[in-house]
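The values are calculated or read from the model by the stated rules, or taken from the named source; none is laboratory data. Here the structure is a predicted model, which is why all the values come from computation and not from measurement. We place every Cβ from the backbone using ideal geometry, glycine too, and count neighbours over all the protein chains shown. Remember, those area values only see protein heavy atoms, side chains included, never the ligands or the DNA or RNA. Shrake-Rupley method; radii C 1.70, N 1.55, O 1.52, S 1.80 Å.
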Amino acid sequence: MTASTVPAKAAGTPAPVPPAASRGSRAKAWATRAPLLPALVFLVVVTQLPFVATLVLSLFDWNSLNPEKRHFTGLSNYASVFTDAALRDAVITTVVLTASVVLVSVALGLGFALLLNRSFFGRGMVRTLLITPFLLVPVSAALLWKHALYNPEYGLFNGALNWFGSLFGIEEVVQPDWMSSMPLAAVVAALVWQWTPFMMLILLAGLQSRPDDMMEAARIDGAGRWQMFAFMTLPHLRRYLELGILLGSVYIVQNFDAVFTLTSGGLGTANLPYTVYETFYRAHEYGLASAVGVVAVIGTVLIATVALRVVSSLFREEASRA
């Protein structure tokens, strides 16, 4: 056979991988992943198995005081979550509480971030003081607001009212009971105080990542401070604002400490986490409490999914810019 009759190998065709090499690459991949298996097993045991058990419990009518009457009810517990007046109010309270805390803390965090983005004497000390509320244990922060600020007899708020009244010659100043007269606002204020530093740190990182040359060019072109803020700073901070809102929502939806410590769920402040606690530990309704918990988890997962997409898009944007 002549050389001209031998079919030429197509250019660019990859050479077949020997079976031994393929087996070696798979073994190498398993060797690199094997150290992660114990952590994966632990994560599944600690998080997924309890959630599966909660799903199963949510399908039963199960009161621990009458365990012999336990029976399968399907999705009736989930129907109760959205049809029962108390549970429906808990869902609405959770939405109102989360939206109020997130929006107010984002607005305040943006203001403090703009302040700390400037150079002034003592900026490091001011930044440390502003971050401190976020570092407190949530129960400690709630107790601080309940006794040091809201208390009608010796709280600082009523003390400040007395002091202002004395300046204008008013002898008897009204001493409101803050948690009784405005319970949901009292919870919102305590949570805003604790979560504003978190929003501030995220937005401050966004402000410090602005390209200085673009800001300087806009300043040279005669753009005012408001124009630079509205048309350059805010569009640049969009991803950071979304990230702060979504992460804050994930955590505040699950908040239990402030509601339990300040109002014990009374006066229309019971959110979903507190309702789960009350239904499970006080009413002993294991099935209904599990259904409420599953609804809260699903809502949190939906918010977290959006948050992860925002974070990944933010990282891609930063990588493309670099």
Tell me the mean residue ellipticity at 222 nm calculated for the chain from its helices only (DSSP H runs of n ≥ 4, each -39500 (n - 2.57), averaged over every residue, nearest 500). -21000 deg cm²/dmol
Among 191-202, 255-266, 138-149, how do they line up from the highest to the lowest mean number of other beta-carbon atoms within 10 Å? 191-202, 255-266, 138-149
Using only Cα atoms, locate the centre of the stretch 47-89 and the centre of the stretch 136-198, then give the distance between them in Å, rounded to an integer. 38
Assigned charges on the beta-carbon of Lys, Arg, Asp, Glu; the chain dipole about Cα centre (debye): 1720
How big is D for the stretch 84-172, in µm² s⁻¹ as a whole number, if Stokes-Einstein is applied with the Kirkwood radius of its Cα pairs at 10 °C and 1.306 mPa s? 95
When the charge dipole of the chain is computed with +1 on Lys and Arg Cβ and -1 on Asp and Glu Cβ about the Cα centre, the Cα farthest towards its positive end, among 56, 101, 32, belongs to 32
Name the shape class, rounded, prolate or oblate, that the alpha-carbon gyration tensor gives for the stretch 252-317, where a ≥ b ≥ c are the square roots of its eigenvalues, rounded holds for a/c under 1.5, and otherwise prolate holds if a/b is larger than b/c and oblate otherwise. oblate
Using a 1.4 angstrom probe on the protein heavy atoms only, line up 137, 187 by accessible area, largest first. 137, 187
Relative intensity, log₁₀ I(q)/I(0), of the stretch 50-106 from a Debye sum that treats every alpha carbon as a point, q = 0.13, 0.16, 0.17 Å⁻¹: -0.51, -0.68, -0.72
Tell me, what ³J(HN,Hα) does each residue in the stretch 174-191 have, in order and in whole Hz, if you take phi through Karplus 6.51 cos²θ - 1.76 cosθ + 1.60 with θ = phi - 60° and put x for Gly and Pro? 4, 10, x, 8, 4, 6, 8, 7, 9, x, 5, 5, 5, 5, 4, 4, 5, 6
Within the stretch 160-254, report the GluC sites (Glu not before Pro) that DSSP leaves as loop and that have at most 13 other Cβ atoms within 10 Å. 171, 172
Computed ³J(HN,Hα) along the stretch 249-264: with the Karplus parameters 6.51/-1.76/1.60, θ = phi - 60°, integer Hz and x for glycine or proline, the list is 5, 4, 7, 6, 4, 8, 5, 10, 4, 5, 5, 5, 6, 7, 10, 6
Based on the mean of other beta carbon atoms within 10 Å per residue, what is the order of 160-170, 70-80, most packed first? 70-80, 160-170
Would you mind putting 109-119, 228-238, 288-298 in packing order, based on average other-beta-carbon counts within 10 Å, highest first? 288-298, 109-119, 228-238
Give the relative contact order (percent, whole number) for the chain; include only Cα pairs under 8 Å separated by 6+ residues. 27
Roughly how many whole Å is it from the C-alpha centroid of the stretch 234-248 to that of the stretch 90-108? 16
Which residues' amide hydrogens lie under 5 Å from the amide hydrogen of residue 60, considering only partners 5 or more residues apart or on another chain, with H built in the peptide plane? 73
Apply the Debye scattering formula to the chain, with a single equal point scatterer on each alpha-carbon and no solvent, then give log10 I(q)/I(0) at q = 0.07, 0.11 Å⁻¹. -0.49, -0.94
Per residue value of the accessible surface for the chain (all protein chains in place, 1.4 Å probe), Å²: 61
Principal axis dimensions, the stretch 241-282 - Cα atoms, whole angstrom, descending: 38, 19, 14
